[in-house]
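A.B. asks: Provided herewith is a single structure, encoded as structure tokens, for subsequent inquiry.
Read-outs: derived from the displayed coordinates by stated rules, not from any lab. All values derive from a computational prediction rather than experimental measurement. As a convention, Cβ positions derive from the backbone with ideal geometry for all residues, glycine included, and neighbour counts pool all protein chains shown.
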Amino acid sequence: MARDEKLVSAIARERIGRLLSMAYKRTEKDTGDPLPGRYVRLAREMSSHYKVSMEKKEKEAFCKKCNTVFVPGKTCSVRVLGKAGYSVYRCNKCGTERKLYYKSIK
Ligand SMILES: [Zn+2]
């Protein structure tokens, strides 16, 4: 039983990674279809359904409000606030801002 759960979560984790990379590639290519948003939504649903947490870089790769994949210069703008130790990602679609810390604050 426990082994099955491990297998299931390993498969879910792999599929989440694959969906997110597919979404990123499609957004980067700028095909203009709504598929990337769907891929992100599926990955998030899978993460909550199978209780598999995404990695930090995976969580930071998309907008939490509208599921748009962050591609700097294309779908989001990035402001780097060096002294504060974080950058602000602004989604171009819905305007939501997100602080992403890149160094620990003392
Ligand atoms: Zn957004």
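A.B. asks: Using DSSP to call loops (not H, G, I, E or B), can you name the GluC sites (Glu not before Pro) in the range 22-102 whose Cβ has at most 12 other Cβ atoms within 10 angstrom?
C.D. replies: Of the GluC sites (Glu not before Pro), the ones in loops of the range 22-102 whose Cβ has at most 12 other Cβ atoms within 10 Å are 55.
A.B. asks: Next question, about the same structure. Can you give the angle from 0 to 90° between the axis of helix 2-29 and the longest principal axis of the chain, with both taken from C-alpha atoms, to the nearest 10?
C.D. replies: That helix lies at roughly 40 degrees to the long axis.
A.B. asks: Which residues in the range 41-72 place their backbone N less than 11 Å from a point set 7 Å from the Cα of residue 22 along the Cα-to-Cβ direction?
C.D. replies: 42-43
A.B. asks: Using alpha carbons only, how many degrees (0 to 90, rounded to 10) separate the axis of helix 35-49 from the longest principal axis of the chain?
C.D. replies: 60
A.B. asks: Now, a different point. What would the Debye equation give as log₁₀ I(q)/I(0) for the chain at q = 0.13, 0.24 Å⁻¹, counting only Cα atoms as equal point scatterers?
C.D. replies: Values, matching the q order: -0.53, -1.24.
A.B. asks: Rounding to the nearest 20 debye, state how big the charge dipole of the range 1-94 is about its Cα centre with +1 on each Lys and Arg Cβ and -1 on each Asp and Glu Cβ.
C.D. replies: Dipole size: approximately 260 debye.
A.B. asks: Answer with one residue from 85, 9, 23: the one whose Cα lies farthest towards the positive end of the charge dipole of the chain, charges on Cβ with Lys, Arg +1 and Asp, Glu -1.
C.D. replies: Looking along the dipole axis, the top candidate is 85.
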